[in-house]
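The values are calculated or read from the model by the stated rules, or taken from the named source; none is laboratory data. Quick caveat, the model's predicted, so the values are computed rather than measured. Every residue, glycine among them, receives a Cβ derived from its backbone with ideal geometry; neighbour counts consider all protein chains shown.
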Amino acid sequence: MRDFTRQVQERQATIEEYEVALAVTPAGNGQGSMAEVLGAERVRARADGLARLDPEVFSPAIEGDGLEDVRPDDPVSCPVVVLRADPALHPAFGEEDERRFRTAHPGACVKVVAGASHLLHDEQPDRFASELEAFLSAVG
């Protein structure tokens, strides 16, 4: 993603060029292309975001130092819900992460979203919105 973003930004690609490239990219949930899973409107929104994105935002994850200062075992004093991608789709927040998180934060809630990849908010926007609304109602 970093290299792709750098290349298209360097040649000053149009939003339409980003859209075409994203549309044919396989979706993270394995259910077809990004266009088939996300739809034209969300592909365009992602294209617009990539056009504006600093490619270096990917560097800490690529180089492995993005979480150097994160202390996942520090207590969290506010309500927390984590929506976790389907374990079969290689989530960024995996089962071991969930175990550590639940141990450190027993009051937190972790929900697995079946059939969703890391892009679960795009792939299942209705589910994401309903989970968010339920959480906000519960803490509001």
Residue in the range 58-69 that is closer than 27 Å to residue 7 by Cα and surrounded by 14 or more Cβ atoms within 10 Å (Cβ to Cβ) present: yes
Residues being more than 30 Å from residue 31 (Cβ to Cβ) and either assigned to a helix (DSSP H, G or I) or not hydroxyl-bearing (Ser, Thr, Tyr) (or both) - total across the range 55-99: 14
Single condition residue 30 does not satisfy, out of (1) closer than 28 Å to residue 134 by Cβ; (2) surrounded by 12 or more Cβ atoms within 10 Å (Cβ to Cβ); (3) free of Cβ contacts under 8 Å to residues at least 40 places away in the same chain: (3)
Selection from the range 100-130 of residues that are in contact (Cβ under 8 Å) with a residue 24 or more places away in the chain, part of a loop (DSSP other than H, G, I, E, B) and over 19 Å from residue 37 (Cα atoms): 105, 107, 108
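Here are some residues: 80, 76, 57. Which one is assigned by TED's automatic domain parsing to the domain that holds residue 27 and among the hydrophobic types (A, V, I, L, M, F, W, C)? I'd like the intermediate steps shown before the answer.
Values: 80 fails: assigned by TED's automatic domain parsing to the domain that holds residue 27; 76 fails: assigned by TED's automatic domain parsing to the domain that holds residue 27.
Going through 80, 76, 57 in turn, just one is assigned by TED's automatic domain parsing to the domain that holds residue 27 and among the hydrophobic types (A, V, I, L, M, F, W, C): 57.
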Residue in the range 120-135 that is of a type in the set (Ser, Thr, Tyr), closer than 23 Å to residue 4 by Cβ, out of contact with any helix residue (DSSP H, G or I) (no Cβ under 6 Å at 6 or more places or on another chain) and surrounded by fewer than 16 Cβ atoms within 10 Å (Cβ to Cβ) present: no
